[in-house]
Amino acid sequence: MISVSVLTSANKSELIGQIGIWNRKTNSGKIFGSGCGYFLADTSMHIPDVAWIRIDRWNALSMSEKKSFPHLTPDFTIELKSETDSLKDLHIKMLKWIENGVRLAWLVSTEEQLSYLQTW
C-alpha cells in the first residue's frame with residue numbers, strides 16, 4: 001500500500017515535470033518546488049507546491065535574493081491538495097496568492113473532481 005506522503009510526492013513530481021517540459025520548450029522562466037518560499041507584498045510568507053517565475057524577473061534578483069526566500073510573488077503557482085489539507089484553507093491560500101500579484105494560480109485535487117472558477 002502506498003502511503004499518502006509518497007503518493008503526494010509522486011503527484012508533485014509529475015506536476016513539476018509537466019511544467020518543466022513546457023518551460024524547456026519556451027525557455028521563459030524558472031521552476032521551483034516546495035523547498036522555496038516567498039515573502040509576499042502583504043509581508044506574509046508562503047510556500048507553493050510548484051512555482052514559476054518569468055526569466056526577466058528571476059534575472060533581476062540579486063544573487064543573495066536567489067539564495068534565500070525572495071521578496072517576490074511568483075507569476076504562476078500550483079497548490080496540490082493532499083489528504084490532510086482543508087479545501088477551505090487552500091482556497092484562502094489561493095486568494096492570498098492572487099491578492100499579492102500572482103498572475104495564474106491552480107488548485108489541483110486528485111481526490112475529487114472540482115469545478116472552481118474565481119474571477120479577479
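The values are calculated or read from the model by the stated rules, or taken from the named source; none is laboratory data. Small disclaimer: the values here were computed from a predicted structure and weren't measured. Using ideal geometry, Cβ is built from the backbone for each residue, glycine included, and neighbour counts are taken over all protein chains shown.
Does any residue of the stretch 101-108 turn out to be assigned to a helix (DSSP H, G or I) and not charged (D, E, K, R)?
Taking every residue of the stretch 101-108 in turn, none turns out to be assigned to a helix (DSSP H, G or I) and not charged (D, E, K, R).
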Give the residues of the stretch 85-99 that are of a type outside the set (D, E, K, R), at pLDDT 90 or above and touching a strand residue (DSSP E or B) at 6+ places or on another chain (Cβ under 8 Å), sorted by residue number. Leu90, His91, Met94, Trp97, Ile98
Need pairs with beta-carbon distance below 8 Å; first residue of a type in the set (Val, Ile, Thr) and within the stretch 78-89, second in a helix (DSSP H, G or I); sequence gap 6+ or separate chains. Ile78/Leu15; Ile78/Ile19; Thr84/Val4
Hey, does the stretch 2-11 have a residue that's of a type outside the set (A, V, I, L, M, F, W, C), outside any loop (DSSP other than H, G, I, E, B) and modelled with pLDDT of 95 or more? no
Count of residues meeting criterion [over 11 Å from the mean Cα position of the chain (by Cα), of a type outside the set (Ser, Thr, Tyr) and either within 18 Å of Trp58 (Cβ to Cβ) or in a loop (DSSP other than H, G, I, E, B) (or both)] in the stretch 20-41: 11
